[in-house]
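Bear in mind these aren't lab numbers, they're just calculated from the coordinates by the rules spelled out. Here the structure is a predicted model, which is why all the values come from computation and not from measurement. Glycine also receives a Cβ, built like all others from the backbone with ideal geometry; neighbour counts cover every protein chain displayed.
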Amino acid sequence: MHAGPQNPLRQGLMEDRAGDACAVVIFGASGDLTRRKLIPAFYNLAVSRSLPSGFAVVGVARRDKSQEQFRAEMKEGVSNFSRRPIDPGVWADFERSISYVTGTFESEETYTKLRAHLEELDAERGTRKSRLFYLAVTPDQFGVIMRNLKVAGLVSPAAAAPGDPFTRVIIEKPFGHDLASARTLNDTVAETFDESQVFRIDHYLGKETVQNLLVFRFANSMFEPLWHREYIDHVQITVAEEIGIEGRGNFYEQTGVTRDIVQNHLMQLLCLTAMEPPISLRADAVRDEKVKVLRSLRPMEPSLVQTNVVRGQYAHGYVKGEEVIGYRDEPNVDKSSRVETFVAMRMFIDNWRWGGVPFYVRAGKRLARRVTEIAIHWKKVPHGLFQAPDGGIAPNVLAMRIQPDEGIALRFTTKEPGQHTILRNMAMDFRYGAAFGSNTPEAYERLLLDAMRGDATLFTRRDEVEEQWEFVGHVFDAWRTDANAPPPLYPAGSWGPEQADDLIAHGGRRWRKP
Ligand code: BG6
């Protein structure tokens, strides 16, 4: 087994959180997600001995294939995408937990077969009548799968006591297309499952650095008093990607970056940055605080959208020296498409902590660098004692780098050694890789384990999803009436359209070039 680098800081770290015994059933098992993310995540949980002793994973999909074929495909997925190489001993054990059921999602027969198979697994593998259904399918298939599961008697009510057999469901994004469709989907889910059985995945919440936001904010006393409108000038949140739409033209034409990234990942980062301390780490205590942030967001009325939102679309350009085509030349994209691949917004959280503090957020494809970070910009010193370049001392910035190069950097001003008082901006820089080694768990490992343990803290609750849609819905409404205005183009490999710079240029503010 790969032991990872020996590092004294790892001593005492716990790897002993095991899930509860269950069979995981993946609908849509022949899709990319299963071999790229889900099975590699389960395999890594097996390596770190976090799987329960009673465990099985069952793939369900339309394509007819033998058990051997499915297992071989999954092994290939693990070889290509797992963070740890295959250990033959662990694999041999783990492989025995994988099986496959062929069938369409519409046919009742699929569920009869599945039920018989799950009963066999209860007897053979000790899965104790507990089921975790994973819907790795498009949202239009949720309804039919859930109804059929219910008809086949595969859904039991929410478990009454810890340790009782359970039925839970994990749902992948996109969770709706707008507020109305998200509500309809939520209603459909609620016909079969109690909210406590529903685990909506936003994989950003499973990232180590995102979880660390809570620890950083609420396990250190020195930042919290300064985390406030009195001291903070503004906050910047960036989710920048170098990649384009990666062959997903049809999907992107329906989605755009606001639905793909802002409505979920970016708004979750915003909530964790801005929320009040929860009274505990119980799932609902944390989610209650996040919902309060979402409810405090100033609604983007049409006039605000004009002045507070900038969209853009990538044109031909060079990303890290490599020539890439523009969005409209991507396969399955309309030659005159107005879909946004970049968006920047100035948002306000109208509550006591944040009143008047702008949150500048941006997300985009084909930008100069892949970087996700949250940067807190404190106010300038009130009186300039020192002569400094640019006529002022650069304000303090705390940058929490979510990925890549995970870490936390605090910028402060210092004196250069010498006879003159020359000021320099320096950074105290903490790097996860250097401190803990770079082989950190993938987001899906944590999320799958939490779902097996019934801990919904890192999953999105119904009201959260709906609030997120409500906020971006106003932006879509304004864009609809503005349908003739094409988004400004930006060259691939840049930081977005110039208009985004104008959005933030106020009182000397500008986007960080991370
Ligand atoms: C997905 C989006 O949810 O997140 C993709 O659909 C995006 O378009 C991806 O590329 C980014 O995830 P990560 O973990 O690579 O930052």
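Using the Cβ-Cβ distance between residue 223 and residue 501 with R0 set to 30 Å, the FRET efficiency from 1/(1 + (r/R0)^6) comes to roughly 0.55. Our note on the geometry: Cα centres of the range 401-463 and the range 335-377, 19 Å apart. Taking 18 Å as the straight-line reach from the Cα of residue 380, the aspartates and glutamates in range (excluding those fewer than 8 positions away in the same chain) are 230, 233, 390.
Between residue 87 and residue 66, residue separation times 0.36 nm minus the direct Cα-Cα distance comes to 5.2 nm. In this calculation the C-beta distance from residue 513 to residue 421 is compared with R0 = 41 Å, giving a FRET efficiency of 0.90.
Footprinting exposure proxy ranking of 422, 243, 171, fewest other C-beta atoms within 10 angstrom first, gives 243, 422, 171.
Counting neighbouring Cβ atoms within 10 Å and putting the fewest first, the residues 436, 42 line up as 436, 42. Taking N as the residue count of the range 327-448, its C-alpha radius of gyration divided by 2.2 N^0.38 Å amounts to 1.48. For residue 116, put the label point 7 Å out on the Cα→Cβ axis and report which residues of the range 40-72 keep their amide N under 11 Å from it. Under cut-off, by backbone N: nothing. Listed from fewest to most Cβ neighbours within 10 Å, the set 271, 22 follows the order 271, 22. With contacts taken as Cα pairs under 8 Å at a separation of at least 6 residues, the range 18-162 carries a relative contact order of 34 percent. Put a dot 7 Å past the Cα of residue 250, heading toward its Cβ, do the same for residue 320, and the two dots end up 3.0 nm apart. Here the Debye sum runs over all C-alpha atoms of the range 364-514 as equal scatterers in vacuum, and log10 of I(q)/I(0) at q = 0.14 Å⁻¹ comes out as -1.09. Only lysines eight or more places from residue 335 in sequence, or on another chain, were considered; those with a Cα closer than 20 Å are 365. By DSSP, the beta bridges lying fully in the chain are antiparallel in about 55 percent of cases.
Can you pull the percent of Cα pairs in the chain with separation above 44 Å? So the portion of pairs separated by more than 44 Å is 18 percent. Lysine pair count for the range 94-224 (Cα-Cα distance under 18 Å; residues 8 or more apart in sequence or on different chains): 4. Approximating the spin labels as points 7 Å out from Cα along Cα→Cβ, the residue 379-to-residue 80 distance works out to 5.4 nm. Could you tell me what % of all Cα pairs in the range 150-240 have separations over 19 Å? Here the long-distance tail beyond 19 Å is 63 percent of all Cα pairs in the range 150-240. For residue 151 and residue 301, a Förster radius of 35 Å and the Cβ-Cβ distance give a FRET efficiency of 0.15, rounded to the nearest 0.05. Helix content alone sets the calculated 222 nm mean residue ellipticity of the chain: runs of n ≥ 4 DSSP H residues at -39500 (n - 2.57) each, divided across all residues, give -10000 deg cm²/dmol. Provide Rg over Rh for the range 212-283; use the alpha carbon set for both Rg and the Kirkwood Rh (inverse mean inverse pair distance). Rg/Rh: 1.10. Modelled spin-label separation between residue 428 and residue 211, with each label point placed 7 Å from Cα along the Cα-to-Cβ direction: 2.5 nm.
Taking amide H as placed 1.01 Å from N in the peptide plane, the amide H of residue 354 sits under 5 Å from none that are at least 5 places away or on another chain. Placing +1 on the Cβ of every Lys and Arg and -1 on the Cβ of every Asp and Glu, with no other charges, gives the range 270-351 a dipole of roughly 200 debye about its Cα centre.
Would you give the gap between the C-alpha center of the range 144-168 and the C-alpha center of the range 179-197, rounded to a whole Å? Each part reduced to its Cα centre gives a spacing of 15 Å. What you get for the range 328-390, charging only the Cβ of Lys and Arg (+1) and of Asp and Glu (-1), is a dipole of about 60 debye around the Cα centre. When +1 charges are put on Lys and Arg Cβ atoms and -1 charges on Asp and Glu Cβ atoms, the dipole computed for the chain relative to its Cα centre reaches about 980 debye.
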